[in-house]
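The values are calculated or read from the model by the stated rules, or taken from the named source; none is laboratory data. Given the structure is predicted, the values throughout are model-derived calculations rather than measurements. No Cβ is skipped: glycine too gets one built from the backbone with ideal geometry, and neighbour counts run over all protein chains shown. Ligands, DNA and RNA are stripped out before the accessible areas are found, and what is left, the full protein with its side chains, is counted by its heavy atoms. Shrake-Rupley method; radii C 1.70, N 1.55, O 1.52, S 1.80 Å.
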Amino acid sequence: MSRRPDAIVVGAGIVGAACAEALAREGLRVEVLEAGIAGGGTTAAGMGHIVVMDDSEAQFALTSYSRRLWSELAAELPENCEFLPCGTLWVAEEEAQLEALRAKAAFYTARGVEAELLDARGVAEAEPNLRTPLAGGLLVAGDGVVYPPAVARYLLARAREHGAGLREGCRVERIEGRAVLVGGERIEAGLVVNAAGAAAAELTPGLPIMPRKGHLVVTDRYPGFCRHQVVELGYLKSAHVLTSESVAFNVQPRATGQLLIGSSRELVGWDAAVNRRLVGQMLRRAIEFMPGLASLKALRVWTGFRPATPDKLPLIGRWEEADGLWIAAGHEGLGITTALGTARILADLVLGRTPELDPAPYAPGRVQAEATA
Amino acid sequence: MSEQVEIQVNGKVVRVRAGVSLAAALLDAGEPVFRRSVGGSPRGPLCGMGVCFECRVTIDGVAHRRACLEPVVPGMKVVTGG
Amino acid sequence: MADGVVSRIEADVAVVGAGPAGIAAAVRAAESGLRVVVVDEGFRPGGQIWRHRTPDALPPVARRWLGRLERSGARVLCQATVVDAAPEGRLTVEQPGAPMIVEAGKLVLATGARERYLPFPGWTLPNTVGVGGAQALLKAGASFAGKRVVVAGSGPLLLAVAAGLAEAGARVAVVAEQAPAAAVLPFLVGLWRWPGKLLQAAGYRAALGGARYAWGTWVVRASGDDVVREVTLTDGRRTWTEPCDLLCVGYGLVPNTELARLLGCAVEGGRVVVDRRQETTVRGVYCAGEPTGIGGAEVALLEGEIAGYAVAGREGEVTSRATALARARRFARRLEAAFALREELRRLPDDETIVCRCEDVCYGRLRQERSARSAKLFTRAGMGPCQGRICGPALEFMLGWPMQTVRAPVAPATVATLSDIEAPQGAA
């Protein structure tokens with residue numbers, strides 16, 4: 001490096017890439033350090049669902065803000081980013097869930113997010129391969145799907161147009177405030193952003209982030225089999241309960257005609273091996289909702305690690321424990337959706353501006369205080 | 001003359017030798033294009049032994065079947081070029 | 001199906017693959033009193049080399065072993081694909097009808113080899129098949145009678161397949177071997193030690209009739225509209241075009257190590273590591289035949305027998321075959337050296353040549369990436385149903401990219417099958 005960078009971004013997943021792009025566009029001299037391949041970690045393992053979520057007001061605020069930024073970005077995304085505005089269809093199995101479904105619809109509508117309640121017939125028409133009858137559904141038409149590694153690479157390319165540097169295969173061993181250690185070399189910068197995802201806590205001890213493993217299955221090409229990202233209403237519950245292992249029905253059509261089938265959650269450290277029992281459970285859940293999936297050919301199964309936090313909200317902002325250190329990590333299963341909003345908030349905070357969104361719920365210090373309490 | 005069976009290829013009835021693989025039968029029937037690739041180019045069998053997946057056809061409504069691993073069965077309905 | 005009920009077979013030994021190695025292993029283990037299950041993708045046992053529609057087309061050694069297999073009491077599952085395996089001896093098998101779990105104390109992997117393909121412009125045109133591919137199709141009943149054929153690539157299979165095609169009524173115009181005569185002839189001279197092989201080669205040559213056999217010659221391009229019409233060959237000095245209806249090109253064999261790698265067995269230089277009892281680095285998992293290094297049927301039979309005796313604990317029989325195996329292996333090593341691939345073959349594709357046939361990824365795009373992993377992520381190369389089995393070895397040869405790690409399923413499997421993959425209670 002010829003000159004001291006203004007900012008080092010550790011991690012070139014989609015969050016790091018978005019942060020690098022946002023900072024570089026503001027004129028900062030940015031250096032991105034990635035241990036593996038840019039966009040090759042959790043970013044490559046996930047579904048790439050751009051979705052507005054309602055687990056909490058803060059989660060809703062960040063996901064809906066980010067989705068707006070995605071719809072702005074969509075027009076310029078290259079084809080290999082596979083942007084597909086397919087919407088999300090939330091489905092309720094039982095009459096007992098209809099109240100929750102209506103509450104969800106009211107929540108979205110009250111906050112300006114288009115959401116359409118469907119009855120049993122409406123669900124069957126929207127997705128003919130769902131089992132009939134299901135109790136009902138909620139169609140959130142503004143949601144979509146992307147291929148995250150390609151987006152990460154695209155954002156990095158834009159960052160580089162603004163002078164950013166990228167080093168892949170460059171493992172940061174330690175972060176010391178405004179400096180990082182790489183292969184014994186100490187690189188100083190104006191500030192450091194820890195965007196190392198599920199590995200962020202290994203570089204910044206005290207960060208309440210742990211890897212939460214998930215499985216995905218991808219099928220061969222069956223164009224038209226499924227039109228929306230279809231998620232069971234109980235998904236949120238599966239995502240919410242941090243301690244136990246869980247599965248939920250979640251299927252996604254890809255631009256290629258392939259289907260991604262999820263999802264599972266478990267806390268097993270960094271063990272990346274396929275858990276066949278859990279995959280079986282996950283797929284049986286999927287087949288319960290979409291019986292026709294059973295006869296489709298699956299090509300691959302893989303695992304990935306979501307960066308999970310205790311309160312299901314990411315950590316965005318200054319880390320008070322170390323001078324010059326900022327955090328953009330802990331996005332659990334929503335890192336693709338929230339990467340753009342995260343980058344905007346981080347850049348605003350770094351530059352001393354007031355973010356469009358109240359950053360307090362995402363302040364890294366809040367969970368640290370809770371964790372030590 | 002060995003025993004023959006009738007199968008349907010793209011809606012046409014075709015007489016093929018019994019006991020042969022579907023891939024062999026299609027080649028003999030003058031159907032070298034088994035499928036179109038994702039980019040639209042014509043493809044036929046390459047490895048003949050189930051490895052390359054180039055000989056995929058739709059059999060009785062089931063897509064992505066390897067013709068080299070399927071014996072001809074009287075009356076089977078085959079769609080190529082998909 | 002979806003309710004998690006799946007049929008199970010228990011056995012002492014499960015053998016994957018019913019070629020010479022798998023048959024020999026199954027026969028020796030079953031004769032020793034073990035309960036044996038053999039799983040194979042073919043319509044009937046035999047593997048690629050002994051693939052047949054009627055036994056009378058087979059050489060005596062094949063009929064002998066197939067007969068032994070039939071009498072051995074081993075249970076053979078045909079048209080059955082192993083899609084997952086666990087080291088404690090559990091196989092998940094897809095077959096017509098329902099999936100099946102085979103629970104066996106020990107595994108013998110006799111998964112054979114596949115053909116090596118090196119991309120060149122036009123190689124995706126229909127009626128362009130592998131050399132082994134042509135042989136497999138011929139044995140599966142394709143006639144090719146009256147077709148004008150060019151056979152190219154490398155290795156002893158070229159001559160055998162050209163002879164087979166000629167016998168079936170095809171007109172073989174040229175057999176083009178990329179290895180120079182200077183490399184192969186000393187090997188042929190050395191064949192006096194293996195007179196049977198020499199006779200076999202002479203027989204093939206006689207069957208070929210008027211076909212030209214060109215040393216040091218390789219394919220640079222195939223062209224045609226919807227199918228191949230002509231092929232361009234070169235010997236490095238002269239380049240010419242041959243019309244053809246069928247082009248067969250293959251560059252020797254690649255060991256099928258995917259299942260071994262899935263099970264965690266060590267693989268070095270593309271070969272599964274085994275000890276003198278054919279046991280891999282994973283206890284209870286044995287491997288025999290081509291996956292331990294391309295050796296041909298004779299090596300495969302010996303290794304299969306050794307593996308079969310080893311799983312049965314008949315150590316005397318294991319030891320007694322060591323000398324014969326060493327001799328057969330020597331022949332295989334010489335063969336491999338004689339047909340070493342030339343440098344020019346790394347540079348056959350142009351930027352538009354498709355390398356990953358499943359996903360239509362061309363060479364120009366792949367060259368922009370730095371590893372098989374980044375190629376997979378950003379170009380989709382290797383993401384299709386063949387799981388990189390065709391483009392992986394080609395990319396390894398052309399760009400030096402090591403093959404990707406293997407995960408279950410090792411072959412495309414229905415979602416139903418994977419939903420039934422349920423470990424016993426308490427297992428990880």
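Element breakdown for chain C at a 1.4 angstrom probe: carbon and sulfur atoms account for 53% of the accessible area. With Cα atoms defining each centre, region C:114-189 and region A:1-46 are spaced 51 Å apart in the structure. Taking all Cα-Cα distances within chain B, those exceeding 16 Å account for 43%. Projecting label points 7 angstrom from Cα along Cα→Cβ for residue B:6 and residue C:143 puts them 2.0 nm apart.
Over 21 Å apart at the Cα level, from the set A:104/A:237; A:237/A:312; A:297/C:139; A:104/A:312, are A:297/C:139.
Tell me the angle of helix A:148-161 to the major Cα principal axis of chain A, expressed in degrees between 0 and 90 and rounded to the nearest ten. Tilt relative to chain A: about 30 degrees. Scanning chain C for DSSP H helices at least 20 Å long along the axis (C-alpha atoms) with a Kyte-Doolittle mean no lower than -0.5 picks out C:296-311, C:322-338. Centre-to-centre, using Cα atoms only, region C:336-397 and region A:95-116 are separated by 49 Å.
Per residue, chain C reaches -9500 deg cm²/dmol at 222 nm when only DSSP H runs of four or more residues are counted, each adding -39500 (n - 2.57). How far apart, in nanometres, would the label points at residue C:61 and residue A:79 be if each is projected 7 angstrom from Cα along the Cα-to-Cβ direction? In this crude spin-label approximation the distance works out to 5.3 nm. Both chains summed, the buried accessible area for C and A stands near 2900 Å², from protein heavy atoms and a 1.4 Å probe.
Comparing the full protein assembly with the isolated chain (1.4 Å probe, heavy atoms, ligands and nucleic acids excluded), the residues of region C:115-163 losing at least 50 square angstrom of accessible area are C:126, C:137. Here r is the Cβ-Cβ distance between residue C:234 and residue C:405 and R0 is 51 Å; the resulting FRET efficiency, rounded to 0.05, is 0.85.
All C-alpha pair distances within region C:146-260, sorted into 10 Å bins from zero, spread as 13, 41, 32, 12, 1 percent across the bins.
Think of region C:123-281 as having a plus end and a minus end, set by charges on the Cβ of Lys, Arg, Asp and Glu; of C:175, C:228, C:142, C:175 sits farthest toward the positive end of this dipole.
Take the Cβ atoms of residue C:188 and residue C:167, set R0 to 22 Å, and the FRET efficiency comes out at 0.50. With the whole protein complex present, residue C:319 retains an accessible surface near 80 Å², based on a 1.4 Å probe.
Spin-label model, residue C:103 to residue C:315: label points 7 Å out along the Cα-to-beta-carbon direction sit 3.0 nm apart. Rounded to 0.05, the FRET efficiency of the residue C:71 and residue A:243 pair, given R0 = 45 Å and the Cβ-Cβ distance, is 0.20.
Taking only protein heavy atoms and a 1.4 Å probe, the accessible area of region A:198-334 is 56% carbon and sulfur. Rounded to the nearest 20 debye, the dipole size of region A:101-220 about its Cα centre is 260 debye, using +1 on the Cβ of Lys and Arg and -1 on the Cβ of Asp and Glu.
The Cα atoms of the protein assembly as shown define a convex hull whose projected area, averaged across directions, is 38.7 nm². Accessible area per residue for the protein assembly as shown is 37 Å², calculated with a 1.4 Å probe on protein heavy atoms, without ligands, DNA or RNA. Springs join every pair of Cα atoms under 10 Å in this Gaussian network model of chain C, and among C:222, C:375, C:110 the largest mean-square fluctuation is at C:375.
Heavy atoms of chains B and C lose about 2900 Å² of accessible surface on contact, summed over both sides with a 1.4 Å probe.
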